[in-house]
Amino acid sequence: MFSRIVRPTLNTARKFSTSQQNNYRVTVCGAAGGIGQPLSLLLKLNPLVTELNCYDIAPFTPGVACDLSHIETASKVKGFAGQESLKDALSNAEVVVIPAGVPRKPGMTRDDLFGSNANVVKTIFECATEACPDAIFCIITNPVNSCVPIACEVMKKANKLNPRRIFGVSTLDIVRANTFVGEMCGVNPKEMNVPVIGGHSGITIVPLFSRATPKVSIPKDKLDALTKRVQEAGTEVVNAKAGHGSATLSMAYSGARFANSILRALTGEQDVTECAYVMSDVTEVEYFASPVKLGKCGIEQNCGVGDINEYEENKLCEAMEQLKKDIKKGIEFVQKGD
Ligand code: NAD
Ligand code: LMR
């Protein structure tokens, strides 16, 4: 159904570039955190980034920026601490990556973070409506299933919504699916590409192993365990860290991979496709993760669900009710103004 998912890499070799611009201003919100610091490091190493603004409410954020600024790459790094500096941090940003907010502890669901993180996302987007309404936004903050609807509702309220430019970052699900199936089938995970659709929490995460490239043959009795492992991989890390946060390093890698794909597409590179959780009309739910073709304006084409087998169809059905609830919660949070 969808033709080709180009495997993005962190190197910036470009094909078919038709644009001259290859220097972008990127802001990281939550830059002092467990994800924010290594993600900012990877962005500092990305030659497409020429200005990197590191924003966080943590007072030591200028120290993080100072540390990064000593790295021998050409980009300029600035640190911004405290909410009063948010507007300056966002001003003129072309890409905004958001890992701001509280992570899970063992026993919590991602939805349990809604009470703390909904306001974090709302505040950042309220400011962005003025400071950088045309930026491309990459939301990492959980619960992603509800935070993307929050972001879009805030933009809609301000008459600034461009749904092609607001992404929930679900790349870690793809990265994990690639790793786990690669390990199981004896294929280098770097060569694997498994689309993952639905959302980013538990049963809403639906890996499509039937569409893996290269093609892999997963024994029937192992498919369910493999699917569940991808769905529960975040919890696997939360439990392994035993109260000291959730995935940070693998997420920083995934966030940097996604941001790099966005930047490559902005340069004019063709055929850049990533799975992401976006405002969508490809299923009955208003927000949905699926492969999207990226371009200079953000989403160029939503590739939709595509061909899936009966097992995956059942998993998708299980995802839908939960997705609807998560989406409704995000939308109502902004509409009802609580
Ligand atoms: P962390 O606590 O280590 O870092 C979060 C940072 O956000 C801190 O530095 C904190 O000061 C900052 N922050 C809090 N409120 C803020 C605000 N209002 N404005 C700006 N900065 C603010 O947490 P982490 O491990 O980096 O995780 C961050 C978020 O990312 C969590 O919500 C977590 O659940 C989520 N996450 C998502 C994925 C995904 O796949 N999308 C993967 C891993 C983690
Ligand atoms: C993940 O998938 O690792 C993140 O969503 C963090 C979490 O809470 O599991």
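A few remarks follow.
- Looking at 86, 161, 113, just one residue is free of Cβ contacts under 8 Å to residues at least 12 places away in the same chain and at negative phi, and that residue is 161.
- Taking the numbered list (1) assigned to a loop (DSSP other than H, G, I, E, B); (2) within 16 Å of ligand 2 (Cβ to nearest atom) in turn, residue 74 passes all entries but (2).
- Qualifying residue in segment 318-333 (condition: outside any helix (DSSP H, G or I) and either at pLDDT below 95 or within 16 Å of ligand 1 (Cβ to nearest atom) (or both)): no
- Count of segment 140-154 residues which are under 26 Å from residue 242 (Cα atoms), in contact with a strand residue (DSSP E or B) (Cβ under 8 Å, 6 or more places away or on another chain) and assigned to a helix (DSSP H, G or I): 3
- Test: residue in segment 172-192 that is buried (at least 24 other Cβ atoms within 10 Å of the Cβ), assigned to a loop (DSSP other than H, G, I, E, B) and either touching a residue at least 40 places away in the same chain (Cβ under 8 Å) or within 16 Å of ligand 2 (Cβ to nearest atom) (or both): no
- In segment 72-87 there is at least one residue that is within 9 Å of ligand 1 (Cβ to nearest atom) and closer than 13 Å to residue 131 by Cβ.
- Residue check, residue 249 within 11 Å of ligand 2 (Cβ to nearest atom), within 16 Å of the chain's Cα centre (by Cα) and modelled with pLDDT of 95 or more: yes
- For residue 277, the conditions (1) within 16 Å of ligand 2 (Cβ to nearest atom); (2) surrounded by fewer than 20 Cβ atoms within 10 Å (Cβ to Cβ); (3) of a type outside the set (Gly, Ala, Ser) all hold with the exception of (2).
- Sole exception among (1) in contact with a helix residue (DSSP H, G or I) (Cβ under 6 Å, 6 or more places away or on another chain); (2) assigned to a loop (DSSP other than H, G, I, E, B); (3) within 21 Å of residue 312 (Cβ to Cβ) for residue 247, by number: (3)
- Number of positions in segment 87-139 that are within 12 Å of ligand 2 (Cβ to nearest atom), assigned to a helix (DSSP H, G or I) and surrounded by fewer than 19 Cβ atoms within 10 Å (Cβ to Cβ): 2
- Candidate set from segment 133-187 (those that are of a type in the set (Lys, Arg) and more than 26 Å from residue 235 (Cβ to Cβ)); member that is farthest from the chain's Cα centre (by Cα): 157
- Filter pass, residue 224 being over 18 Å from residue 273 (Cα atoms) and either within 16 Å of ligand 2 (Cβ to nearest atom) or outside any strand (DSSP E or B) (or both): yes
- For segment 17-69, a residue qualifies if it is among the polar types (S, T, N, Q) and assigned to a loop (DSSP other than H, G, I, E, B), and the qualifying residues are 17, 18, 19, 20, 21, 22, 23, 46.
- Within segment 162-171, being among the aliphatic types (A, V, I, L, M) and either in a helix (DSSP H, G or I) or near ligand 2 (Cβ under 10 Å from one of its atoms) (or both) holds for one residue alone: 169.
The values are calculated or read from the model by the stated rules, or taken from the named source; none is laboratory data. What you see is a predicted model; the values in this text were computed from it and never measured. With ideal geometry, Cβ positions are generated from the backbone for all residues, glycine too; neighbour counts draw on all protein chains shown.
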